[in-house]
Amino acid sequence: MSRHPALTIPILILFFSMLSFPQTVFTGASYGLILWFRHVLPTLLPYMILINVLICTPALHWICRIISTFLCPLLGTSYYGTFAVLTGFLCGYPMGAKTTSDLLNVNKISRSEASYLLSFCNNTSPAFILSYVVAQNMKERNLCIPFFLILTFTPLMLSFIFRLFYRLPESSCSFPQVTPGSFSNPSESISDSFLDRCILNAFESVTKVGGYMMMFSVLIQLLASVLPNTIFSLLLYSSLEISTGIRLLFSSALYTTEKIILCAFLTSFGGWCCIAQTYSMISSSQLPILPYITAKLVTALVTSLLISAYIYAI
């Protein structure tokens, strides 16, 4: 029997809908896969391979030695936990979640810290915000810097609140000594089998991302073919997948201010497709997904309120 019996009816509906509208499925799948192949694959895959290598070699120690000096006291993370913060804010979804899960799996961080890191360090990348959101869709040059800063610093500010719900180790800021057993064997680190594992793991992860993007793109196309064109359907489509959602928001008839506020909420939240991607990344470490969703919704709400306050103040 399925572990999720509540999903039986929705899955059956989706199954028969896909059989009934094959052309719609083809259109949605094509768009999702092209978006993944052109933008996500070349953006994420090299960093996934590199991070896999770093986590299993002493190079991780030297990176953390540099960034932990100021991130440990500021965010209350451990020495190696700062690496998840770095990747989560620079590389975008779902790299923060994947790095956190990987660090937990190799015992570099505790489970409580992993949950804490997951609450604020899995975010939209600066490149996506500046290029796709602002330059290609928003096209409001005067809001470029404020929009980016609010999206970046809101999760950092909320981390001071989120940490109150987790029991972090008292020695979270101590610098560990690097011992020969702390990482993979040096001779193994440069072997083909070691690199093969890093590459295969990265390909598996990025393929999962592509699969979720394709299925959510199909779902959006199916819903658009049967639901009337209303504000509620627009909000539903937009919440499913971030790239498609932002494009739909800025092509809609909403007021510019409303588009920007909703876009800020969606960019901060990431959409349900990113939630599914994140869940797939943390499933191996069995981190709970509901606290993560709650934290993302709170962060998105605060972000949209700050954007609204800034827009109406100028």
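The values are calculated or read from the model by the stated rules, or taken from the named source; none is laboratory data. Computed from a predicted structure; not experimentally measured. Cβ coordinates were reconstructed from backbone atoms using ideal geometry, including for glycine residues, and neighbour counts include every protein chain displayed. Calculation scope for accessible area: heavy atoms of the full protein, side chains included, ligands and nucleic acids excluded. Shrake-Rupley method; radii C 1.70, N 1.55, O 1.52, S 1.80 Å.
A 1.4 Å probe run over the protein chains yields, for the chain, 51 Å² of accessible area per residue, whole-number rounding.
DSSP loop (so not H, G, I, E, B), at most 12 other Cβ within 10 Å: list which chymotrypsin sites (Phe, Trp or Tyr not before Pro) in the range 202-267 pass both filters. List each step's numbers first, then the result.
Numbers: sites: Phe203, Tyr212, Phe216, Phe232, Tyr237, Phe250, Tyr255, Phe265; in loops: Tyr255.
Sites meeting the loop and neighbour criteria: Tyr255.
Can you list which of the chymotrypsin sites (Phe, Trp or Tyr not before Pro) found in the range 62-170 are DSSP loop residues with at most 15 other C-beta atoms within 10 Å? The partial results should precede the final answer.
Values: sites: Trp62, Phe70, Tyr79, Tyr80, Phe83, Phe89, Tyr116, Phe120, Phe128, Tyr132, Phe147, Phe148, Phe153, Phe160, Phe162, Phe165, Tyr166; in loops: Tyr79, Tyr80, Phe120, Tyr166.
Answer by residue number: there is no such site.
Compute the distance in nm between two label points, each set 7 Å from the Cα along the Cα-to-Cβ direction, one at Phe203 and one at Thr257. Between Phe203 and Thr257, the label points sit 5.2 nm apart.
In a shell of Cβ-Cβ distance under 10 Å around Leu104, excluding Leu104 itself, what net charge do Lys and Arg (+1) and Asp and Glu (-1) give? It would help to have the intermediate numbers written out before the result.
Details: positive: Lys108, Arg111; negative: Asp102, Glu113.
Once positives and negatives cancel, what remains is 0.
Exposure here means at most 15 other Cβ atoms within 10 Å; with GluC sites (Glu not before Pro) in a DSSP loop as sites, the longest stretch of the chain lacking them is 171-314. In this calculation the C-beta distance from Ser308 to Leu149 is compared with R0 = 22 Å, giving a FRET efficiency of 0.90. With 0.36 nm allotted per residue and the present C-alpha distance subtracted, the Met157-Phe37 stretch has 39.8 nm of extension available. Taking label positions 7 Å along the Cα-Cβ direction at both Ala135 and Ser30, the computed distance is 2.7 nm, reported to one decimal. Here the Karplus curve 6.51 cos²θ - 1.76 cosθ + 1.60, taken at θ = phi - 60°, turns the phi angles of the range 96-110 into couplings of x, 5, 5, 5, 4, 5, 5, 5, 5, 5, 9, 6, 8, 9, 7 Hz, with x standing for Gly and Pro. Centre-to-centre, using Cα atoms only, the range 254-270 and the range 1-63 are separated by 24 Å.
The listed peptides 20-29, 39-48, ordered by packing as a protection proxy, come out as 39-48, 20-29 (highest mean of other Cβ atoms within 10 Å first).
Suppose R0 equals 35 Å. What FRET efficiency, 1/(1 + (r/R0)^6) with r the Cβ-Cβ distance, do Phe15 and Leu50 give to the nearest 0.05? Walk me through the intermediate numbers first.
Values: r = 39 Å, r/R0 = 1.11.
Step by step, r from the Cβ atoms, then E = 0.35.
Ignoring ligands, DNA and RNA, what percent of the 1.4 Å accessible area of the chain is carbon and sulfur? For the chain, the apolar C and S fraction of the accessible surface comes to 69 percent.
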